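Data first, discussion second: the structure below is written as structure tokens.
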Amino acid sequence: MSDDNHFFLRDPWVYDKDASRPGRDDAGRGFDTRSLHAGFDPMTDQDNFRSFTPPLVQSVTFPYETFDRIPCPVYGRTRTPTNTVLEDRIASLEGGEACLTAGSGSQALFNLIFTIARPGDNVVTSLNVFGEGYKQAASIFPERCHVDFRFVADPADPAAWDAQIDGKTKLVWVETPSNPCLFVTDVRAVADVAHSRGVPLMVDNTTATAALQRPLELGADIVLLSISKFMSGNATILGGALVGPEPLMEDIRWNTTEFVGSIIPPAEAWNTLQYLETLSMRMQRHSANALTVARYLDDHPKVERVNYSGLDGHPQHALACRQMSGHSGLLSFVAPGGKVGAATVMNHFKLVVHAVTFGTSRSICMHPPTITHEHMTPDERRAAGIDDGLIRFSVGLENAEDIIADLDQALARV
Ligand SMILES: *Cc1c(COP(=O)(O)O)cnc(C)c1O
């Protein structure tokens, strides 16, 4: 590496807990307004044409005007005009400075950790994380990059988070509510612990979305999102995003997106913009339906346990009500008879579809112990509450009576 190679002279982002966070110009507007307007003003933001909707610019490259004037964007691996509108809109919804999209939520997690942790560093998290995230934490990063992950045994206890942090910790990572057991972590308490040790906090907001929970307002520094779930809402888009300080987003763009690639293709970014227009309404309906379904399951004599933070009996119900404005559409429950019981219920659904993913307009279910969380050891699954009979159930936008009728006839078979 020569000194005059400007590519490698970029300073890495360094966390500074006292750094000021510039506010956004549209911070005074309501969430619903921002989900329609942020990132694109049809009256001012166009060069060659006048479009009411944000334009879909389906081009991978962008011409130079003169020999030495580099255009921005220059090439579609780093950014495109349509992705820029999407990034600005997502940053606005989360109330963050900047956003960087990625080809999936898992890719966004990888890009973040790859950028901020070096060999010998560590990340502190818990077992309440999505399956691919666990896989990255338990084997890919330790084995390939010598970055270690420490799993906090009791994530409800802020002191347990503190105990895992040391001088090599580069990130604290919380997923709340978690997939698949809907464990709710106190974002402000963990942010306080992380900040007192000089470490940034990342919160995975995939399950609640910004429509129901804004981690940055609760003290987090970075938000991780899968766009593939509720954000797009119908299993037609694979995408992810990070929201956080602009210098960090640019550091990640530089170290991963720019030279490796992973942005959402422009057409998918454009479709995501259409779906985000209804995010707030969809999340309200998902939440209302899920509460009705959770109450039905909670009263069902054959159901051993229901995980849903909207139920009074959920261990962190009060905390969930404080830090979220709704409980989202994801729940899980334990069928009787372990794996065989879960299989019987799932095989008898007529309306509910058995498939990977959640956050879809149509109700969908999946068996975490054998699919997403199969790489955990049995002890880890037990610690995370992933029983053999656990069914992850994403409550869709159908009429709640029809979802319940389907559950009722399927549960009658076990
Ligand atoms: C699915 C999921 C992800 C990963 O998203 P993909 O887009 O499927 O890669 C990240 N976090 C949570 C909580 C998820 O459920």
When you go through N83, N128, N111 one by one, which is the residue that is over 21 Å from W173 (Cα atoms) and either in contact (Cβ under 8 Å) with a residue 40 or more places away in the chain or in the same structural domain as E250 (by TED's automatic domain parsing) (or both)? N83
One residue is enough: does region 14-29 have a residue meeting the conditions touching a residue at least 40 places away in the same chain (Cβ under 8 Å), buried (at least 21 other Cβ atoms within 10 Å of the Cβ) and either away from the ligand (no atom under 16 Å from the Cβ) or basic (K, R) (or both)? no
Hits in region 30-52 - residues which are assigned to a loop (DSSP other than H, G, I, E, B) and surrounded by 11 or more Cβ atoms within 10 Å (Cβ to Cβ): A38, G39, F40, P42, D45, Q46, S51
Selection status of T372, modelled with pLDDT under 95, within 16 Å of the ligand (Cβ to nearest atom) and closer than 30 Å to A191 by Cα: yes
Can you name the residue in region 210-229 that is in a loop (DSSP other than H, G, I, E, B) and of a type outside the set (D, E, K, R) and, of all such residues, is farthest from the ligand (Cβ to nearest atom)? G219
Number of positions in region 213-248 that are at negative phi, touching a Ser or Thr at 6+ places or on another chain (Cβ under 9 Å), surrounded by fewer than 23 Cβ atoms within 10 Å (Cβ to Cβ) and not polar (S, T, N, Q): 2
Output the qualifying pairs, or none if there are none: Cβ atoms under 7 angstrom, residues six or more apart or on different chains, first residue in region 314-327 and part of a loop (DSSP other than H, G, I, E, B), second residue among the β-branched types (V, I, T). Q316/V184
Checked region 152-172 for anything within 19 Å of the chain's Cα centre (by Cα) and of a type in the set (A, V, I, L, M, F, W, C); matches are L171, V172
Wholly enclosed strands (runs of 3 or more DSSP E) of region 102-203 bearing at least 2 residues within 15 Å of the ligand (Cβ to nearest atom): 122-126, 169-175
Taking D148, is it farther than 19 Å from H373 by Cα and touching a Phe, Trp or Tyr at 6+ places or on another chain (Cβ under 9 Å)? yes
Give the residue that is surrounded by the fewest Cβ atoms within 10 Å (Cβ to Cβ), with candidates limited to residues of region 58-74 that are in contact with a Gly (Cβ under 9 Å, 6 or more places away or on another chain) and in a loop (DSSP other than H, G, I, E, B). V60
S394 meets each of (1) surrounded by fewer than 15 Cβ atoms within 10 Å (Cβ to Cβ); (2) polar (S, T, N, Q); (3) under 20 Å from the mean Cα position of the chain (by Cα) with one exception, condition (1)
Answer with yes or no whether G240 is within 11 Å of the ligand (Cβ to nearest atom), outside the structural domain of H286 (by TED's automatic domain parsing) and at pLDDT 95 or above. yes
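The values are calculated or read from the model by the stated rules, or taken from the named source; none is laboratory data. None of the values given here were measured: they were computed from a predicted structure. So basically every Cβ, Gly included, is an ideal-geometry build from the backbone, and we count neighbours across all protein chains shown.
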